[in-house]
Amino acid sequence: MNNFSHLLMENNITIKDVDTVINFLRKNKLRIFTQSKKVDKFEKNWSKWLGVKYSVFVNSGSSANLLTLQAVKILYGTGEVIVPPLTWISDIASVIQNGFKPIFADINPRTLCMDENEIFKKISNKTKAVFITHAQGFNGLSEKLIRVLKDKKIILLEDVCESHGASFKNKKLGTFGLISNFSFYYAHHLSTIEGGMVCTNNKKIYEITRMLRSHGMLRESGNKKFESLMIKKYPYLSPKFIFLYPAYNVRNNEISAVIGDNQLKRLSQNNLKRSKNLKIFLNNLNKKIYRTDYELVGNSNYAFPLVLNKKNFKNRNLLEKIMTEKRIEFRRGNAGGGNQLRQPYLKNIIKNINFKNFKEVDHIHFFGYYIGNYPSLKKEKILKICKILNNIFYEKNL
Ligand SMILES: Cc1ncc(COP(=O)(O)O)c(C=O)c1O
(Lines give C-alpha, C1' and ligand atoms only; values in the text may rest on other atoms or scores of the structure.)
Protein backbone atom coordinates (compact mmCIF):
# COMPACT_ATOMS: atom_id res chain seq x y z
CA MET A 1 0.00 0.00 0.00
CA ASN A 2 1.27 3.47 -0.83
CA ASN A 3 1.05 5.52 2.34
CA PHE A 4 2.88 8.56 1.00
CA SER A 5 1.56 11.87 2.24
CA HIS A 6 2.91 15.36 2.66
CA LEU A 7 1.16 17.57 5.20
CA LEU A 8 1.39 21.34 5.52
CA MET A 9 3.16 20.88 8.83
CA GLU A 10 4.35 18.04 11.03
CA ASN A 11 5.23 17.99 14.73
CA ASN A 12 5.85 21.68 15.03
CA ILE A 13 5.33 21.19 18.75
CA THR A 14 7.78 18.47 19.75
CA ILE A 15 7.61 15.94 22.55
CA LYS A 16 10.32 18.00 24.31
CA ASP A 17 8.00 21.02 24.25
CA VAL A 18 5.26 18.84 25.73
CA ASP A 19 7.60 17.56 28.48
CA THR A 20 8.64 21.10 29.33
CA VAL A 21 4.99 22.07 29.71
CA ILE A 22 4.23 19.05 31.89
CA ASN A 23 7.16 19.90 34.18
CA PHE A 24 6.03 23.48 34.39
CA LEU A 25 2.44 22.45 35.21
CA ARG A 26 3.61 20.08 37.94
CA LYS A 27 6.06 22.49 39.54
CA ASN A 28 3.72 25.47 39.62
CA LYS A 29 2.26 25.06 43.13
CA LEU A 30 -0.24 27.93 42.91
CA ARG A 31 -1.49 26.68 39.55
CA ILE A 32 -2.00 30.16 38.20
CA PHE A 33 -1.44 29.90 34.48
CA THR A 34 -2.81 33.22 33.29
CA GLN A 35 -0.38 35.84 31.92
CA SER A 36 2.47 36.32 34.38
CA LYS A 37 6.24 35.76 34.75
CA LYS A 38 6.65 33.20 31.95
CA VAL A 39 4.99 35.62 29.53
CA ASP A 40 7.42 38.35 30.67
CA LYS A 41 10.34 35.99 30.17
CA PHE A 42 9.24 34.91 26.69
CA GLU A 43 8.73 38.54 25.68
CA LYS A 44 12.22 39.48 26.86
CA ASN A 45 13.85 36.52 25.12
CA TRP A 46 11.89 37.16 21.93
CA SER A 47 12.95 40.85 21.94
CA LYS A 48 16.56 39.78 22.34
CA TRP A 49 16.30 37.21 19.53
CA LEU A 50 14.66 39.72 17.19
CA GLY A 51 16.72 42.74 18.15
CA VAL A 52 14.06 45.13 19.46
CA LYS A 53 13.53 46.75 22.85
CA TYR A 54 9.96 45.65 23.55
CA SER A 55 7.57 42.81 22.74
CA VAL A 56 3.99 42.16 23.82
CA PHE A 57 2.75 38.56 23.70
CA VAL A 58 -0.87 38.24 22.56
CA ASN A 59 -3.22 35.40 21.69
CA SER A 60 -2.74 35.52 17.88
CA GLY A 61 -1.08 37.25 14.97
CA SER A 62 -4.48 38.76 14.12
CA SER A 63 -4.65 40.31 17.58
CA ALA A 64 -1.14 41.69 17.02
CA ASN A 65 -2.45 43.34 13.81
CA LEU A 66 -5.49 44.72 15.63
CA LEU A 67 -3.52 46.26 18.50
CA THR A 68 -0.93 47.68 16.11
CA LEU A 69 -3.47 49.65 14.12
CA GLN A 70 -5.25 50.79 17.27
CA ALA A 71 -1.97 52.04 18.75
CA VAL A 72 -1.22 53.94 15.51
CA LYS A 73 -4.70 55.47 15.58
CA ILE A 74 -4.32 56.56 19.22
CA LEU A 75 -0.93 58.20 18.67
CA TYR A 76 -1.13 59.51 15.10
CA GLY A 77 -4.80 59.55 14.06
CA THR A 78 -6.39 57.87 11.05
CA GLY A 79 -5.85 58.18 7.28
CA GLU A 80 -4.95 55.83 4.44
CA VAL A 81 -2.96 52.67 4.95
CA ILE A 82 -1.33 50.97 1.97
CA VAL A 83 -1.78 47.20 2.23
CA PRO A 84 -1.11 44.19 0.00
CA PRO A 85 -3.97 42.24 -1.56
CA LEU A 86 -1.94 39.09 -0.84
CA THR A 87 -1.99 38.78 2.93
CA TRP A 88 -4.09 37.46 5.76
CA ILE A 89 -7.55 38.98 6.25
CA SER A 90 -6.60 40.46 9.64
CA ASP A 91 -4.05 42.79 8.04
CA ILE A 92 -6.89 44.49 6.21
CA ALA A 93 -9.62 43.95 8.81
CA SER A 94 -7.46 45.68 11.46
CA VAL A 95 -7.07 48.68 9.15
CA ILE A 96 -10.83 48.92 8.55
CA GLN A 97 -11.82 48.18 12.13
CA ASN A 98 -9.68 51.08 13.34
CA GLY A 99 -11.19 53.58 10.91
CA PHE A 100 -8.36 53.71 8.35
CA LYS A 101 -8.92 53.43 4.62
CA PRO A 102 -7.11 50.48 3.01
CA ILE A 103 -5.35 51.29 -0.26
CA PHE A 104 -4.11 48.28 -2.21
CA ALA A 105 -0.81 47.88 -4.06
CA ASP A 106 -0.10 44.89 -6.29
CA ILE A 107 2.69 42.44 -5.48
CA ASN A 108 6.10 41.65 -6.90
CA PRO A 109 5.98 38.05 -8.21
CA ARG A 110 9.57 37.42 -7.09
CA THR A 111 8.89 38.24 -3.41
CA LEU A 112 5.08 37.93 -3.17
CA CYS A 113 5.28 41.18 -1.15
CA MET A 114 4.02 44.56 -2.35
CA ASP A 115 5.96 45.93 -5.32
CA GLU A 116 7.69 49.14 -4.24
CA ASN A 117 6.71 50.96 -7.43
CA GLU A 118 3.07 50.04 -6.87
CA ILE A 119 3.38 51.43 -3.32
CA PHE A 120 4.87 54.69 -4.63
CA LYS A 121 1.96 55.06 -7.08
CA LYS A 122 -0.52 54.74 -4.21
CA ILE A 123 1.07 57.24 -1.81
CA SER A 124 -1.05 60.38 -1.32
CA ASN A 125 -1.10 63.22 1.18
CA LYS A 126 -3.52 61.10 3.23
CA THR A 127 -1.16 58.13 3.55
CA LYS A 128 -0.60 57.47 7.22
CA ALA A 129 1.19 54.14 7.00
CA VAL A 130 2.44 51.39 4.74
CA PHE A 131 1.62 48.03 6.27
CA ILE A 132 3.95 45.55 4.61
CA THR A 133 3.41 41.82 4.73
CA HIS A 134 6.67 39.93 4.34
CA ALA A 135 4.85 37.12 2.56
CA GLN A 136 5.86 33.48 2.81
CA GLY A 137 9.34 34.15 4.22
CA PHE A 138 10.39 36.74 1.62
CA ASN A 139 11.68 40.22 2.28
CA GLY A 140 9.40 43.08 1.22
CA LEU A 141 11.80 45.93 2.01
CA SER A 142 14.25 47.89 -0.09
CA GLU A 143 16.52 50.82 0.72
CA LYS A 144 14.50 53.03 -1.60
CA LEU A 145 11.20 52.15 0.08
CA ILE A 146 12.57 52.84 3.55
CA ARG A 147 14.06 56.15 2.38
CA VAL A 148 10.90 57.35 0.61
CA LEU A 149 8.71 56.54 3.62
CA LYS A 150 11.13 58.29 5.96
CA ASP A 151 11.28 61.39 3.73
CA LYS A 152 7.50 61.54 3.50
CA LYS A 153 7.06 60.83 7.23
CA ILE A 154 4.91 57.79 6.47
CA ILE A 155 4.81 55.11 9.16
CA LEU A 156 6.23 51.71 8.23
CA LEU A 157 4.48 48.74 9.82
CA GLU A 158 5.76 45.21 9.24
CA ASP A 159 3.74 42.01 9.34
CA VAL A 160 6.30 39.26 9.80
CA CYS A 161 3.77 36.54 10.70
CA GLU A 162 5.01 34.35 7.82
CA SER A 163 8.70 35.26 7.92
CA HIS A 164 10.29 34.80 11.33
CA GLY A 165 14.06 35.17 11.02
CA ALA A 166 14.05 36.54 7.47
CA SER A 167 16.30 39.55 7.05
CA PHE A 168 17.12 42.61 4.99
CA LYS A 169 20.77 43.75 4.89
CA ASN A 170 21.57 41.18 7.58
CA LYS A 171 19.09 42.70 10.03
CA LYS A 172 15.96 40.75 10.98
CA LEU A 173 12.64 41.77 9.45
CA GLY A 174 10.45 43.21 12.15
CA THR A 175 13.17 45.59 13.32
CA PHE A 176 12.71 48.20 10.58
CA GLY A 177 9.14 49.40 11.10
CA LEU A 178 7.66 51.43 13.92
CA ILE A 179 5.78 48.29 14.94
CA SER A 180 6.04 44.69 13.76
CA ASN A 181 3.77 41.67 14.16
CA PHE A 182 4.38 37.93 14.42
CA SER A 183 2.07 34.90 14.51
CA PHE A 184 2.80 31.72 16.42
CA TYR A 185 -0.02 29.67 14.96
CA TYR A 186 0.67 25.96 14.51
CA ALA A 187 2.09 25.97 10.98
CA HIS A 188 4.44 28.93 11.49
CA HIS A 189 8.21 28.93 12.18
CA LEU A 190 7.55 28.97 15.90
CA SER A 191 4.32 27.80 17.47
CA THR A 192 2.77 28.50 20.86
CA ILE A 193 -0.44 26.64 19.83
CA GLU A 194 -2.07 30.03 19.28
CA GLY A 195 -0.17 33.27 19.75
CA GLY A 196 1.32 36.42 18.36
CA MET A 197 3.73 39.22 19.20
CA VAL A 198 3.72 42.99 18.82
CA CYS A 199 7.27 44.35 18.70
CA THR A 200 8.63 47.90 18.81
CA ASN A 201 11.50 50.09 19.94
CA ASN A 202 9.06 52.83 20.96
CA LYS A 203 8.32 52.92 24.71
CA LYS A 204 5.01 54.77 24.37
CA ILE A 205 3.73 52.26 21.81
CA TYR A 206 4.86 49.43 24.07
CA GLU A 207 2.95 50.82 27.03
CA ILE A 208 -0.19 51.53 25.01
CA THR A 209 -0.09 48.03 23.45
CA ARG A 210 0.25 46.46 26.89
CA MET A 211 -2.89 48.31 27.98
CA LEU A 212 -4.81 47.51 24.78
CA ARG A 213 -4.02 43.82 25.28
CA SER A 214 -5.82 43.95 28.60
CA HIS A 215 -9.05 45.95 28.29
CA GLY A 216 -7.23 49.31 27.98
CA MET A 217 -6.45 49.05 31.69
CA LEU A 218 -3.97 51.57 33.15
CA ARG A 219 -2.30 49.16 35.58
CA GLU A 220 -1.07 47.10 32.61
CA SER A 221 1.02 49.94 31.14
CA GLY A 222 4.14 48.87 33.02
CA ASN A 223 4.97 52.55 33.66
CA LYS A 224 4.60 53.29 37.38
CA LYS A 225 5.17 57.04 37.00
CA PHE A 226 2.47 57.33 34.34
CA GLU A 227 0.18 55.17 36.46
CA SER A 228 0.44 57.41 39.52
CA LEU A 229 -0.12 60.50 37.36
CA MET A 230 -3.34 59.01 35.97
CA ILE A 231 -4.49 57.87 39.41
CA LYS A 232 -4.13 61.48 40.59
CA LYS A 233 -5.91 62.74 37.47
CA TYR A 234 -8.91 60.45 38.09
CA PRO A 235 -9.34 60.49 41.91
CA TYR A 236 -12.95 59.32 41.65
CA LEU A 237 -11.89 56.01 40.03
CA SER A 238 -10.67 52.85 41.72
CA PRO A 239 -6.90 52.92 40.98
CA LYS A 240 -6.87 49.30 39.83
CA PHE A 241 -9.78 49.86 37.47
CA ILE A 242 -8.93 52.80 35.29
CA PHE A 243 -9.67 52.11 31.62
CA LEU A 244 -7.94 54.53 29.26
CA TYR A 245 -9.01 53.01 25.95
CA PRO A 246 -11.97 50.95 24.70
CA ALA A 247 -10.00 47.76 24.07
CA TYR A 248 -9.98 43.98 24.28
CA ASN A 249 -8.74 41.00 26.20
CA VAL A 250 -6.23 39.41 23.83
CA ARG A 251 -3.80 38.17 26.46
CA ASN A 252 -1.99 34.89 26.12
CA ASN A 253 -1.04 32.60 29.02
CA GLU A 254 1.88 31.00 30.85
CA ILE A 255 1.61 27.62 29.14
CA SER A 256 1.93 29.11 25.66
CA ALA A 257 4.83 31.26 26.85
CA VAL A 258 6.66 28.17 28.14
CA ILE A 259 6.22 26.45 24.75
CA GLY A 260 7.34 29.60 22.92
CA ASP A 261 10.43 30.04 25.06
CA ASN A 262 11.38 26.41 24.55
CA GLN A 263 10.90 26.67 20.79
CA LEU A 264 12.89 29.89 20.61
CA LYS A 265 16.02 27.91 21.51
CA ARG A 266 15.82 26.07 18.20
CA LEU A 267 14.16 28.67 15.99
CA SER A 268 17.28 29.91 14.16
CA GLN A 269 18.50 26.36 13.61
CA ASN A 270 15.10 25.32 12.26
CA ASN A 271 15.00 28.32 9.96
CA LEU A 272 18.30 27.26 8.40
CA LYS A 273 16.87 23.79 7.72
CA ARG A 274 13.77 25.30 6.14
CA SER A 275 15.85 27.58 3.91
CA LYS A 276 17.98 24.61 2.84
CA ASN A 277 14.79 22.67 2.05
CA LEU A 278 13.46 25.53 -0.05
CA LYS A 279 16.61 25.58 -2.17
CA ILE A 280 16.36 21.81 -2.82
CA PHE A 281 12.72 22.28 -3.77
CA LEU A 282 13.37 25.19 -6.16
CA ASN A 283 16.41 23.52 -7.71
CA ASN A 284 14.42 20.40 -8.56
CA LEU A 285 11.12 21.82 -9.78
CA ASN A 286 10.75 22.05 -13.54
CA LYS A 287 11.29 25.75 -14.29
CA LYS A 288 9.21 25.47 -17.45
CA ILE A 289 6.17 24.57 -15.37
CA TYR A 290 6.65 26.34 -12.05
CA ARG A 291 8.07 29.66 -10.91
CA THR A 292 11.44 29.28 -9.27
CA ASP A 293 12.96 32.76 -9.65
CA TYR A 294 12.21 34.09 -6.16
CA GLU A 295 14.48 36.64 -4.51
CA LEU A 296 16.15 34.49 -1.91
CA VAL A 297 18.46 36.94 -0.14
CA GLY A 298 17.54 36.88 3.56
CA ASN A 299 14.57 34.54 3.03
CA SER A 300 13.14 32.31 5.77
CA ASN A 301 10.25 30.24 4.40
CA TYR A 302 7.99 28.03 6.47
CA ALA A 303 6.28 26.74 3.30
CA PHE A 304 7.10 26.02 -0.35
CA PRO A 305 5.49 28.47 -2.77
CA LEU A 306 4.21 26.51 -5.77
CA VAL A 307 3.12 28.77 -8.62
CA LEU A 308 2.29 27.67 -12.15
CA ASN A 309 3.92 29.82 -14.84
CA LYS A 310 0.99 29.69 -17.22
CA LYS A 311 -2.58 30.82 -16.71
CA ASN A 312 -4.20 27.54 -17.64
CA PHE A 313 -7.21 26.37 -15.64
CA LYS A 314 -7.08 22.84 -17.08
CA ASN A 315 -3.50 22.44 -15.86
CA ARG A 316 -4.39 23.95 -12.52
CA ASN A 317 -7.26 21.51 -12.02
CA LEU A 318 -5.04 18.62 -13.00
CA LEU A 319 -2.37 19.75 -10.51
CA GLU A 320 -4.96 19.92 -7.72
CA LYS A 321 -6.34 16.49 -8.68
CA ILE A 322 -2.93 14.86 -8.59
CA MET A 323 -1.87 16.58 -5.36
CA THR A 324 -5.11 15.39 -3.75
CA GLU A 325 -4.60 11.83 -5.04
CA LYS A 326 -0.96 11.78 -3.89
CA ARG A 327 -1.98 13.30 -0.57
CA ILE A 328 0.13 16.42 -0.90
CA GLU A 329 -1.72 18.91 1.26
CA PHE A 330 -1.95 22.34 -0.40
CA ARG A 331 -3.56 25.75 -0.07
CA ARG A 332 -4.55 27.57 -3.22
CA GLY A 333 -4.01 31.32 -3.29
CA ASN A 334 -1.01 31.20 -1.01
CA ALA A 335 -1.27 33.38 2.12
CA GLY A 336 -4.88 34.05 3.00
CA GLY A 337 -6.40 32.47 -0.10
CA GLY A 338 -5.06 34.85 -2.73
CA ASN A 339 -6.46 38.19 -3.80
CA GLN A 340 -8.22 39.73 -0.78
CA LEU A 341 -9.92 42.18 -3.16
CA ARG A 342 -12.02 39.28 -4.41
CA GLN A 343 -13.37 38.48 -0.92
CA PRO A 344 -16.98 39.26 0.04
CA TYR A 345 -16.04 41.23 3.18
CA LEU A 346 -14.54 43.99 0.97
CA LYS A 347 -17.42 44.23 -1.50
CA ASN A 348 -19.10 47.15 0.27
CA ILE A 349 -15.85 48.84 1.22
CA ILE A 350 -13.83 48.89 -2.01
CA LYS A 351 -16.00 49.56 -5.05
CA ASN A 352 -15.16 49.43 -8.78
CA ILE A 353 -12.02 47.35 -8.54
CA ASN A 354 -10.16 46.98 -11.80
CA PHE A 355 -8.55 43.56 -11.49
CA LYS A 356 -6.25 44.42 -14.41
CA ASN A 357 -4.36 46.61 -11.93
CA PHE A 358 -3.78 43.57 -9.73
CA LYS A 359 -2.44 41.11 -12.29
CA GLU A 360 0.30 39.64 -10.15
CA VAL A 361 -1.83 38.91 -7.14
CA ASP A 362 -4.55 37.51 -9.40
CA HIS A 363 -2.02 35.09 -10.87
CA ILE A 364 -1.29 33.78 -7.37
CA HIS A 365 -5.01 33.77 -6.61
CA PHE A 366 -5.79 31.35 -9.43
CA PHE A 367 -2.48 29.57 -10.09
CA GLY A 368 -0.48 29.79 -6.85
CA TYR A 369 -0.27 27.45 -3.85
CA TYR A 370 1.80 26.68 -0.87
CA ILE A 371 2.73 23.26 0.40
CA GLY A 372 4.52 22.16 3.57
CA ASN A 373 8.15 22.87 4.42
CA TYR A 374 9.24 21.91 7.93
CA PRO A 375 12.60 21.23 9.59
CA SER A 376 12.21 17.43 9.82
CA LEU A 377 11.50 17.16 6.07
CA LYS A 378 14.17 15.02 4.40
CA LYS A 379 15.84 15.66 1.04
CA GLU A 380 14.57 12.36 -0.42
CA LYS A 381 11.00 13.35 0.32
CA ILE A 382 11.43 16.79 -1.26
CA LEU A 383 12.86 15.12 -4.37
CA LYS A 384 9.92 12.74 -4.46
CA ILE A 385 7.46 15.63 -4.20
CA CYS A 386 9.26 17.48 -7.03
CA LYS A 387 9.15 14.35 -9.17
CA ILE A 388 5.41 13.99 -8.64
CA LEU A 389 4.85 17.67 -9.43
CA ASN A 390 7.09 17.65 -12.51
CA ASN A 391 5.60 14.45 -13.90
CA ILE A 392 2.06 15.80 -13.93
CA PHE A 393 2.57 17.74 -17.13
CA TYR A 394 3.82 16.56 -20.46
CA GLU A 395 6.07 19.11 -22.11
CA LYS A 396 3.60 19.45 -25.01
CA ASN A 397 0.82 20.55 -22.66
CA LEU A 398 2.79 23.46 -21.28
C1 LIG B 1 0.54 37.63 7.10
C2 LIG B 1 -0.29 37.16 8.25
N3 LIG B 1 -0.75 38.06 9.14
C4 LIG B 1 -1.51 37.69 10.18
C5 LIG B 1 -1.84 36.38 10.40
C6 LIG B 1 -2.73 36.03 11.52
O7 LIG B 1 -2.12 35.20 12.46
P8 LIG B 1 -2.99 34.25 13.40
O9 LIG B 1 -3.41 33.08 12.59
O10 LIG B 1 -2.04 33.88 14.49
O11 LIG B 1 -4.13 35.05 13.87
C12 LIG B 1 -1.40 35.40 9.50
C13 LIG B 1 -1.77 34.00 9.70
O14 LIG B 1 -1.23 33.07 9.24
C15 LIG B 1 -0.60 35.80 8.40
O16 LIG B 1 -0.18 34.91 7.49
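The values are calculated or read from the model by the stated rules, or taken from the named source; none is laboratory data. If you're wondering where the values come from, they're calculated on a predicted model, not measured in any experiment. A quick note on method: Cβ atoms are made from the backbone with ideal geometry, for glycine too, and the neighbour counts reach across all protein chains shown. Areas reflect the complete protein model, heavy atoms only, side chains present, ligands, DNA and RNA absent. Shrake-Rupley method; radii C 1.70, N 1.55, O 1.52, S 1.80 Å.
Key figures for this structure:
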read-out: Förster radius 25 Å - calculated FRET efficiency between V18 and K44 (Cβ-Cβ, nearest 0.05); value: 0.60
read-out: Accessible surface, per residue, of the chain when the full set of protein chains is kept, probe 1.4 Å, Å²; value: 47
read-out: R0 of 25 Å, Cβ-Cβ distance F366-Y186: FRET efficiency to nearest 0.05; value: 0.40
read-out: Test item: Cα-centred dipole of region 127-261, Lys/Arg +1 and Asp/Glu -1 on Cβ, debye; value: 800
read-out: Qualifying trypsin sites (Lys or Arg not before Pro) in region 356-398, DSSP loop, other Cβ atoms within 10 Å at most 15; value: K378
read-out: Mean-position separation - Cα centroids, region 93-135 and region 34-62, in angstrom; value: 27
read-out: Carbon + sulfur, % of accessible area of region 249-398 - ligands and nucleic acids excluded, 1.4 Å; value: 51
read-out: Mean shadow area of region 95-182, taken as a quarter of the surface of its Cα convex hull (nm²); value: 5.5
read-out: Anisotropy class of region 269-385 from Cα gyration tensor, a/c 1.5 cut; value: prolate
read-out: Accessible surface of region 54-136, 1.4 Å probe, proportion on carbon and sulfur as whole %; value: 51
read-out: Options M114, W49, L67, ranked by Cα towards positive dipole end of region 46-122, top entry (Cβ charges); value: W49
read-out: Peptides ranked, highest mean first, by Cβ atoms within 10 Å: ranges 180-192, 156-168; value: 156-168, 180-192
read-out: Around H134: net Lys/Arg minus Asp/Glu count, Cβ-Cβ under 10 Å; value: -3
read-out: Spin-label zone in region 286-307 - amide nitrogen under 17 Å from a point set 7 Å from the Cα of E143 along the C-beta vector; value: 297-298
read-out: Surface share of carbon and sulfur [accessible, 1.4 angstrom probe, percent] for region 164-242; value: 59
read-out: Estimated inter-spin distance, D293 and Y236, nm [label 7 Å along Cα→Cβ]; value: 6.8
read-out: By average C-beta atoms within 10 angstrom, highest first, the peptides 93-103, 194-204; value: 194-204, 93-103
read-out: Three-way shape label, region 1-118, alpha-carbon gyration tensor, a/c 1.5; value: oblate
read-out: Segment K310-S5, extension gain: residue separation times 0.36 nm, minus the distance between their alpha carbons; value: 107.2 nm
read-out: Dimensionless Rg ratio for the chain, taking C-alpha atoms and the 2.2 N^0.38 Å reference; value: 1.03
read-out: Value at 222 nm in deg cm²/dmol, rounded to 500, when DSSP H runs of n ≥ 4 in the chain each add -39,500 (n - 2.57); value: -12500 deg cm²/dmol
